[in-house]
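The structure appears below as structure tokens.
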Amino acid sequence: GAFNFSGKINYINIGTTIDTIINTSQQFTFSAWINPTNIAGAKYIIDLGGTGGNKSALYLNSANMRIEVTNSTASQTLTGNNQLTANLWTHVVGTYNGSEISLYENGVFDKSLSVGIINILHSTNVKL
């Protein structure tokens with residue numbers, strides 16, 4: 001079935017930690033269709049959870065897409081160049097290829113950042 005969100009703080013807690021879903025020391029891709037009615041501030045799309053600064057996510061930040069990867073020693077954040085438009089469906093993708101993180105909007109490459117090898121360690125549930 002479908003989920004209906006009221007516009008307040010809403011998410012789907014899938015009830016498991018990321019390390020039980022994927023091996024985050026290897027390549028991975030996060031993909032979602034979004035239609036934000038408000039593009040101000042931070043709007044998390046995929047939140048891998050984490051505590052004590054150990055957080056990774058794909059999110060919208062003041063109209064720009066961001067992907068953040070954080071492991072036990074460092075955090076790397078990539079902010080896209082393209083600004084998204086409110087009330088418009090957009091396909092957003094964040095990838096990690098084993099050495100860099102990248103952002104795409106509607107199938108078009110936006111930006112990438114070299115981050116080296118990461119191993120995301122999270123102890124809280126994934127939220128979509």
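Quick note: the coordinates plus some simple rules give every number you see, no bench work behind them. This structure is a prediction, so every number in the text was calculated from the model and none was measured.
Annotations
- Interchain or long-range residues, amide H under 5 Å from residue 84's placed H: 64, 65
- Taken one residue at a time, the phi angles of segment 91-99 give Karplus couplings (6.51, -1.76, 1.60, θ = phi - 60°) of 8, 10, 9, x, 10, 10, 9, x, 8 Hz. Gly and Pro are set to x.
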